[in-house]
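Reading through the structure tokens given below for one structure.
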Ligand SMILES: [Ca+2]
Ligand SMILES: [Ca+2]
């Protein structure tokens, strides 16, 4: 969706037109809103020529949350998106991190095109997460967590010892960021240390940080891809002694 730039008519000010009364907030609130139930708030297959609408069954507009009887089914090519097909093919995504203890491998349909790069959704059957993985480290959760990383680790550190994270970072997170003091930091970093090298890299830190921003995102946080913030070479770096 490119933050709405690819659907400008959907978000055009209602005082300037009479076909849409939608905002980005309404569009992304996971329910059908009357103002967004129009052809201009339908979605097109990524990189298509804006001719192939995609749908989830009868749901076509408002990020696949509204059924719009005015849009003929032959216009909405319903074969382009099939939730079941997406679920069963998503674990084959080549972008999922290999060799780690736990990662959610099934792409949920509401993750597709939601503005966050989801590695599990990067297969054709899940529409390659629409444009989400081309958005970069923009104004979203990735950037928020990256700013916290910069605050604690600085710009040239890509791994922090688990003990140091709990000893030095955790008290600051509790007192200044409002993190729940009853959470056991030692257990948290053990769970987040996917590659079990006893250090926390930025990819692992993302899982911790995203959950603090939105506790509902426990599954999603294990496969969200924020590599654009630090660069792929540093994103999931294994700790090497004396590096
Ligand atoms: Ca996504
Ligand atoms: Ca680690």
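The values are calculated or read from the model by the stated rules, or taken from the named source; none is laboratory data. Everything quoted here is computed from the prediction, not taken from an experiment. Because the Cβ atoms are built from the backbone with ideal geometry, glycine has one as well, and the counts that use them run over all protein chains shown.
Considering only residues that are modelled with pLDDT of 90 or more and within 16 Å of ligand 1 (Cβ to nearest atom), which ones fall in the range 176-210?
Of everything in the range 176-210, just one residue is modelled with pLDDT of 90 or more and within 16 Å of ligand 1 (Cβ to nearest atom), namely 206.
Which condition number in (1) in contact (Cβ under 8 Å) with a residue 60 or more places away in the chain; (2) under 24 Å from residue 25 (Cβ atoms); (3) in a helix (DSSP H, G or I) is the one that residue 211 fails?
It is condition (1) that residue 211 fails.
Is it the case, given these coordinates, that residue 219 is away from ligand 1 (no atom under 16 Å from the Cβ) and either under 22 Å from the mean Cα position of the chain (by Cα) or surrounded by fewer than 22 Cβ atoms within 10 Å (Cβ to Cβ) (or both)?
no
Kindly indicate whether any position in the range 119-141 is under 17 Å from residue 192 (Cα atoms) and more than 16 Å from ligand 2 (Cβ to nearest atom).
no
Tell me yes or no: at least one residue of the range 225-234 is in a loop (DSSP other than H, G, I, E, B), within 16 Å of ligand 1 (Cβ to nearest atom) and surrounded by 14 or more Cβ atoms within 10 Å (Cβ to Cβ).
yes
Could you list, in sequence order, the residues of the range 26-43 that are at negative phi and surrounded by fewer than 17 Cβ atoms within 10 Å (Cβ to Cβ)?
Listed by number, the residues that qualify are 29, 31, 34, 35, 40.
Is there any pair linking a residue in the range 109-133 that is within 13 Å of residue 221 (Cβ to Cβ) and in the same structural domain as residue 56 (by TED's automatic domain parsing) to one that is at pLDDT 90 or above and within 16 Å of ligand 2 (Cβ to nearest atom), with Cβ under 9 Å and at least six apart or on different chains, and which?
none
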